[in-house]
Every structure is written in structure tokens, then in C-alpha cells.
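One structure is given below, encoded as C-alpha cells.
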């Protein structure tokens with residue numbers, strides 16, 4: 001695995017959550033490989049830009065996606081990622097405050113790889129974020 | 001076997017037996033007679049032998065031709081007698097042969113004497129040699145003696161035989177008579193019994209039928225003349241029944257016709273008695289008949305005719321009848337303050353229209369009221385739906401929007417403590433700790449509230465639940481959160497229930513964790529889970545011996561955010577029992593509790609199965 005290519009795309013508009021997430025990733029030394037975007041439209045533009053037209057060359061190895069985003073909602077972002085040939089294979093983990101069943105079901109219907117509810121308690125939150133980073137970036141082998 | 005055949009056979013057997021008896025009598029008689037004859041002959045032979053002996057003596061002494069002739073003639077008759085002897089038995093045959101041999105020798109001796117010199121056949125006067133005479137005499141005497149003794153013996157034998165025959169005949173007669181008597185008795189018994197039995201059956205059967213029970217069937221028994229009689233009787237009964245039945249049919253038909261006529265007359269009175277207006281109107285609107293109710297309601301109908309509101313728009317109404325399209329119809333008309341429904345029946349052959357009127361004023365009013373109520377209800381439902389939607393979006397916002405700031409408060413507090421905590425004095429650290437605790441607590445509150453609101457909306461997925469297994473699982477999870485706690489659990493017999501597995505699990509978790517929580521610090525803490533049936537209802541309960549509660553505040557027990565114990569004593573959000581109540585209500589069951597301060601609490605709930613509603 002080429003470590004230079006490892007990259008997490010974090011799509012999160014809440015600055016507090018963003019800082020807490022980055023803080024937690026930092027503890028696993030993953031923070032310097034993170035690209036942060038704060039709305040859905042930006043995120044899609046970025047993805048279609050970096051991903052090579054053939055294969056998924058240049059794509060991030062993990063997308064951490066919040067559902068409540070300005071302009072384009074997280075579910076729509078997910079749908080667009082999955083419907084595009086260039087981006088459809090990127091592992092996507094939804095990291096949200098929503099415990100709503102309809103969000104969860106819809107996310108899986110659209111092909112999410114994992115659905116994580118942000119724990120309220122900070123310790124648990126930090127643990128969850130660092131475990132997600134560890135698992136998807138260091139342990140998991142992406143398809144490209 | 002037919003009786004006639006049986007009689008014939010019996011008579012034939014009688015005849016045969018009689019013939020056998022007669023034949024045996026005749027045969028024995030003949031045998032006896034024959035034996036008697038032989039006896040007589042034997043007697044004659046014995047006598048003849050004696051006589052011949054005397055005659056030959058005389059001849060030997062006197063030597064006269066006269067005596068010779070007498071001897072010869074006697075001998076001839078003697079020979080005839082001997083010739084007629086018949087012998088069947090060997091002993092008799094031997095005797096007869098002896099007799100014949102002796103007879104022949106007697107003849108030889110006598111002939112040799114007669115032909116000897118000096119005999120009368122040669123020389124009448126010549127004297128016989130005395131010596132020779134002596135020898136001849138003794139020889140003849142021997143022969144005669146033998147003859148006499150043989151004949152006597154024979155006679156005796158034949159006599160014995162005859163006696164024997166007579167005895168046998170008598171015996172035979174007795175046996176035959178006995179056999180005949182037995183046969184007579186047997187044939188009498190068989191025939192008499194058979195006939196008598198059949199006749200008794202027939203007689204009792206005919207008595208039953210005679211008493212009027214034509215469904216009775218006489219037992220037909222054997223295939224004989226009485227059986228035929230029974231069959232004939234049964235056939236006759238069936239014929240008789242058919243005749244009786246057709247007569248009954250006829251009578252019933254008459255009764256039915258009478259009833260139908262009465263019914264018709266009764267039906268004809270219907271319009272007269274009917275309280276609804278009924279009338280007959282022809283196609284031009286001329287009233288032909290009005291029942292009393294119609295006359296009472298519309299006294300001016302005949303006079304006003306088509307201008308009366310009852311017959312409004314008559315021409316258009318009857319057009320379909322006139323054109324033969326249909327013969328029925330319905331319409332509503334208003335007469336004064338009343339509304340009527342008119343039902344038409346068109347009798348084309350007459351032709352007129354029969355109108356059945358029905359006052360529907362009340363019904364119309366009720367319909368309108370119902371319609372109004374329905375509209376109101378729909379309006380209400382719409383508002384409720386809107387409110388529900390609002391509530392849903394509110395809870396969604398709560399879920400998403402309230403949790404993020406909380407996490408920020410808790411998270412950043414933690415970060416401050418991590419980064420700068422070492423430089424804080426203890427009091428500052430304590431206060432930061434309080435911020436953290438409360439942030440966490442608020443998070444739990446929000447989670448519980450959301451759970452409660454979701455319970456109200458979530459669909460029930462009913463299935464059969466192993467309550468015992470569920471209780472044990474939940475109990476184990478609770479024990480794992482605090483393995484140090486010591487308490488005794490007693491899980492009784494818990495029958496299966498119908499319910500949503502996730503919800504019932506939540507319900508049990510709340511009740512059991514409450515029980516564990518409120519027995520904390522109690523010596524001999526004990527939690528009992530059980531079930532019983534009361535008035536057809538299955539009741540489950542969770543009982544503890546913890547701090548209990550005051551029944552005075554029972555109405556607050558299941559309320560949201562209602563707590564009956566201070567938080568410094570027992571932590572909690574005050575939502576747990578509200579959730580329990582909501583789950584039980586969603587299942588259509590009931591939940592209630594009993595408690596006493598410092599003396600434990602018992603929570604009961606019922607879960608009706610789907611079928612019970």
C-alpha cells in the first residue's frame with residue numbers, strides 16, 4: 001500500500017464536530033492526510049476533479065460523510081457518488097448525529113459501506129473516529 | 001325347504017319304515033313256518049323209521065308178501081318225507097346226509113333180505129335161514145335206530161331254530177316300533193316348531209301393522225309358504241302405505257291451499273294496514289287507489305292531481321314505463337315539511353304505477369348530521385396529521401441539532417481538561433467535571449425522549465415471544481454492567497406472549513434495571529419475575545424488595561420526567577417507566593404497579609395476543 005496516496009475526505013459543516021473529529025484523527029497520526037470540505041456541492045466538485053476518468057486513480061481511500069450539509073444533503077452526495085463510474089467504488093462511511101431509521105435505511109439503500117451515529121459523549125466519540133480511521137485507512141484494502 | 005316338500009319327505013319316510021316292518025314280519029313268519037314244516041317232517045321221519053322197523057320185523061318173522069308190500073309202501077312214503085328234508089345249517093346238513101345214507105342202507109339190507117333164497121319174492125313158502133335172518137334183523141334194527149335218533153335230533157334242532165326266529169322277530173318288532181315312535185316324535189317336533197314359530201312372528205307382525213304402523217316390516221324368515229305369506233303381507237303394507245301417503249299428500253295440499261288463500265287475504269290487507277302511503281296512479285296521474293295512510297297524509301291529492309307535490313314532474317317520471325324500458329324506479333319528493341322516498345312498480349298489463357311511499361325526513365336529517373360530523377372528523381384528522389408531522393420533524397431536529405452542541409460542550413471541555421487540566425486548581429477541575437457530567441446527562445435525556453417518541457410512531461412487528469428466554473437474556477446483560485452487585489433473581493414459569501421483540505425487550509430492560517437499581521444497598525436484594533392468569537388475562541410481573549414508592553404519588557409514577565426518588569440517591573432520567581407504559585399501550589395491554597415505601601415494588605403488565613384484539 002502506497003502511504004502517500006492515503007487520503008480521507010471529511011465532509012462536515014459543523015465546525016465543532018469538525019475540530020473534534022480532526023483532533024481524534026490526529027491521535028492516530030491520520031490528520032495530515034485529511035481533506036476537509038464543508039458542503040456537498042464542493043465535495044462533489046472536488047471528487048469529480050481528482051478521480052481519473054478511467055479507474056479510480058487519485059480518489060480518496062475513504063469518505064467520511066455527514067448527512068446534514070448545506071446546499072446538497074449528505075444522502076444526495078452519496079447517491080451522486082454511487083451513480084458515477086469514477087467514484088462509485090470509494091468506501092463511504094456516514095458519520096452523523098441522526099439516529100433516524102429512515103436516514104439509516106436510505107443510506108444503506110444507496111450503498112453506504114458503514115453507518116455510524118456520533119456518540120454524544122466525547123470519549124466515545126474520539127474512540128469511534130479513531131477506530132474508523134484505523135480500520136478504513138490502515139486495515140482495509142481499497143479496490144484501487 | 002318348503003313345508004310341502006318337508007311333508008312329502010316325512011310321509012315317504014313313514015311309508016318306507018312301515019314297509020320295512022311289514023317285510024321283516026313276513027320274512028320271519030315264512031322262516032318260522034318253514035322251520036315248523038321241517039320239524040314236522042323230521043317227526044314223521046322218526047315215526048316212519050320206527051314203523052319201518054316194526055314192519056321189517058314182522059316181515060322177517062312171518063315172511064309174508066303182504067308184509068313186504070306194506071313195508072315197501074311205507075318206505076316209499078318215508079323216502080318222500082326224507083327227500084323233502086331241507087337243511088341250511090352244516091349240522092343239519094350232516095344229519096340229513098346221515099338220514100339219507102341210513103335210508104339207503106336200510107333199503108339195501110331189506111332188499112337183500114327180500115331177494116335172498118326163500119324170500120317171498122322168490123319162493124313164498126321157503127323157510128328162511130334163521131341165522132341170516134338174525135343178521136339182517138340186527139342190521140336193519142341198527143339202521144332204523146340211527147334213523148330215529150337222527151330224525152329226532154334234526155327235529156330238535158329245527159325246533160330250536162324256530163324258537164330263535166320267533167325271539168328275533170319279536171325283538172325286531174320292538175326295535176322297529178321304537179324307531180318309528182322316535183321318528184314320529186322328531187318329525188312332529190321339527191315341523192310343528194317351525195310352523196308355530198313362523199306363524200307367531202307373522203301374527204305379531206300383522207298385529208303391529210294392523211295397529212297402523214305401516215313402516216313395520218315383518219321378518220320374512222325361511223323361503224317357505226309362511227315366508228311367502230310374510231312377503232306378500234309386506235308388499236301389501238308397502239302398497240297400503242303408498243295409498244295412505246298419497247291420501248296424506250292430498251290432505252296436506254288441501255291444507256296448504258287453504259293456508260295460501262288465508263295468506264293471500266292477509267297480504268291483501270297489507271296496504272290497508274300499512275302506515276306508509278301506498279297508492280296506484282295511472283300514467284296520466286289519475287289516482288286509482290289510496291290506502292288509509294295516504295288518504296290521511298294527502299287528503300287533497302285526487303283533487304289537485306298533477307299539481308300536487310306528490311306527483312311533481314309525473315310525465316317525466318313515468319316516461320321510462322310508458323316506453324317499456326323498465327318497470328321499477330325510485331325518487332325523492334318533498335311534500336310540505338316532509339321528505340318522501342317513492343318506490344315505483346309499474347304493472348304494464350293494467351296499466352298503472354304502484355307507489356310505495358316512505359317518510360325519510362328523519363333519515364335525511366340524520367344523513368346530513370352524519371355528513372357534517374364526517375367532514376368535521378376529516379378536518380380534525382387532517383389537523384392531527386399535520387401536528388404529527390410537525391412532531392416528527394421536531395423530534396428529527398432534536399435528534400440532530402441538540403446533540404451536536406452537546407457533543408461540542410462535552411468534547412471541548414474534555415479537550416481543555418486534557419490540554420490545560422494540569423495547571424487548574426482542584427475547584428476549577430471539579431466545576432469542569434460538573435459541566436461534562438451534565439452534558440452527558442442531557443444527551444441521555446434526549447436519547448430517551450427520542451426513543452419515547454419513536455415508540456409512538458414505530459410499526460409493531462408482532463411475533464411469538466419466549467418471555468422466559470428474553471428475561472434471562474436481559475438479566476444477564478444487566479448483571480454484566482455491574483458484575484459486583486449482589487442480588488438474587490427468581491424467574492418463574494413465563495408462558496410465551498405476542499409482541500414486538502425489540503419493544504418488549506426494551507420494556508423488560510427498563511423494569512428489570514429499575515428493580516436492580518432500587519434494590520441497591522439492600523441486604524438480601526431479591527428480584528422476582530413471574531406470571532399468572534387472572535380473568536382470562538395473562539399477567540406478567542416484576543417484583544423487587546427495594547426502596548418501593550408511596551402509593552400517594554401513584555399517578556406520577558408513569559409520567560415523563562416524573563421521579564419519586566431523589567436523584568442524589570438513584571440516578572435516572574424519569575423516562576424509563578413512561579417508555580414501559582407506552583410499549584404496553586402500543587400492544588393494547590395494561591400496566592400497573594403496587595408499592596410501599598422501603599418495602600419493594602411490583603410492576604404488572606398484560607400483553608393481549610393479536611386475536612384478542
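The values are calculated or read from the model by the stated rules, or taken from the named source; none is laboratory data. Remember, predicted model here, so these are calculated numbers, not experimental data. Don't worry about glycine lacking a Cβ; one is built from the backbone with ideal geometry, like all the others, and counts go over all protein chains shown.
Summary table
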{"item": "Matching entry among B:15, B:43 (being closer than 21 Å to residue B:155 by Cβ and assigned by TED's automatic domain parsing to the domain that holds residue B:173)", "result": "B:43"}
{"item": "Selected residue [under 60 Å from the mean Cα position of the chain (by Cα), in contact (Cβ under 8 Å) with a residue 40 or more places away in the chain, assigned to a helix (DSSP H, G or I) and in the same structural domain as residue B:465 (by TED's automatic domain parsing)] from B:582, B:505, B:538", "result": "B:582"}
{"item": "Some residue of the range B:465-488 being assigned to a helix (DSSP H, G or I), in contact with a strand residue (DSSP E or B) (Cβ under 8 Å, 6 or more places away or on another chain), in contact (Cβ under 8 Å) with a residue 60 or more places away in the chain and away from every other protein chain (no Cβ under 14 Å)", "result": "yes"}
{"item": "Residue match in the range B:430-441 (condition: closer than 30 Å to residue B:584 by Cα and within 11 Å of chain A (Cβ to nearest Cβ))", "result": "yes"}
{"item": "Members of the range B:296-310 that are touching a helix residue (DSSP H, G or I) at 6+ places or on another chain (Cβ under 8 Å) and farther than 12 Å from residue B:357 by Cβ", "result": "B:305, B:306, B:308"}
{"item": "Spans of helices (runs of 4 or more DSSP H) in the range A:11-120 with at least 3 residues buried (at least 20 other Cβ atoms within 10 Å of the Cβ), in contact with a helix residue (DSSP H, G or I) (Cβ under 6 Å, 6 or more places away or on another chain) and within 11 Å of another protein chain (Cβ to nearest Cβ)", "result": "A:15-26"}
{"item": "Residues (part of a loop (DSSP other than H, G, I, E, B) and either at pLDDT 90 or above or surrounded by 21 or more Cβ atoms within 10 Å (Cβ to Cβ) (or both)) located in the range B:508-523", "result": "B:519"}
{"item": "Index of the failed condition, residue B:426 passing every other in (1) farther than 30 Å from residue B:494 by Cβ; (2) modelled with pLDDT under 85; (3) more than 13 Å from chain A (Cβ to nearest Cβ)", "result": "(2)"}
{"item": "Given (1) under 26 Å from residue B:46 (Cβ atoms); (2) loosely packed, with under 14 Cβ neighbours inside 10 Å, number of the condition residue B:144 does not satisfy", "result": "(2)"}
{"item": "Subset tally (residues that are more than 13 Å from chain A (Cβ to nearest Cβ) and touching a residue at least 60 places away in the same chain (Cβ under 8 Å)) for the range B:453-464", "result": "3"}
{"item": "Residue within the range B:157-175 that is surrounded by 17 or more Cβ atoms within 10 Å (Cβ to Cβ), free of Cβ contacts under 8 Å to residues at least 40 places away in the same chain and either assigned to a helix (DSSP H, G or I) or touching a helix residue (DSSP H, G or I) at 6+ places or on another chain (Cβ under 9 Å) (or both) present", "result": "no"}
{"item": "Single residue of B:445, B:450 found to be touching a residue at least 60 places away in the same chain (Cβ under 8 Å) and not assigned by TED's automatic domain parsing to the domain that holds residue B:607", "result": "B:445"}
{"item": "Output for the range B:193-212, where each listed residue is modelled with pLDDT under 80 and assigned to a loop (DSSP other than H, G, I, E, B)", "result": "B:212"}
{"item": "Scan of the range A:98-127 for residues that are within 15 Å of the chain's Cα centre (by Cα) and free of Cβ contacts under 8 Å to residues at least 60 places away in the same chain, ordered by number", "result": "A:107, A:108, A:110, A:111, A:112, A:113, A:114, A:115, A:116, A:117"}
